[in-house]
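The values are calculated or read from the model by the stated rules, or taken from the named source; none is laboratory data. Note that this is a predicted model, so its numbers are computed, not measured. In this analysis, Cβ positions are derived from the backbone assuming ideal geometry, glycine residues included, and neighbour counts consider all displayed protein chains.
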């Protein structure tokens, strides 16, 4: 019944390989360490957890409520907002997003001047939007696990970034993790 959990959790595990870029690079050499992170995260992690979400959405599962126009509209707005935030974060990171390395430098401009993890913030918005669009128990469970994974992934990534990019520790004190500071 919950077979979608296998690829979902396995994908999260492989995706988390990017949080060990510094470790892999120190153990295996910079080039092999970088390739290991790329292969595990981009080759296995992301495609496998996306497949897990697809299975969760296709899972025969009871609806928690019947979507109406307002919930469907909010769902699509959240999905769109999340996609824009993710795209903006990826553009700011450039190649670093796909291939982390020991030579990475701190990105403190654009969206990263306001939020340390905009890609994860966008993912959370999309997961909430997906649930509002398809409010089934399996999509809700996949979304909750996805949000928990984002929280853990961000923390592990920060440990790796502090080791690889010494200036990151200062950025942590100045820039919020997921939500920008509201200034009135």
Legend entry - Among residues of the range 103-112, those that are surrounded by 13 or more Cβ atoms within 10 Å (Cβ to Cβ) and touching a residue at least 40 places away in the same chain (Cβ under 8 Å), counted: 4
Inset, instruction - Look at the range 24-78 and say how many of its residues are crowded, with 17+ Cβ neighbours inside 10 Å, in a helix (DSSP H, G or I) and over 20 Å from the mean Cα position of the chain (by Cα). - result: 3
Legend entry - Residue list for the range 160-171, filter: surrounded by fewer than 14 Cβ atoms within 10 Å (Cβ to Cβ) and part of a helix (DSSP H, G or I): 169, 170
Inset, instruction - Considering only the range 158-184, state which residues are closer than 20 Å to residue 82 by Cα and within 15 Å of the chain's Cα centre (by Cα). - result: 177, 178, 179
Legend entry - Long-range neighbours under 8 Å by Cβ, at least six apart or interchain, first residue modelled with pLDDT under 95 within the range 84-102, second in a loop (DSSP other than H, G, I, E, B) and loosely packed, with under 14 Cβ neighbours inside 10 Å: 92/109
Inset, instruction - Being farther than 18 Å from residue 16 by Cβ and assigned to a helix (DSSP H, G or I) is the filter here, so list the residues in the range 94-120 that pass it. - result: 94, 95, 110, 111, 112, 113, 118
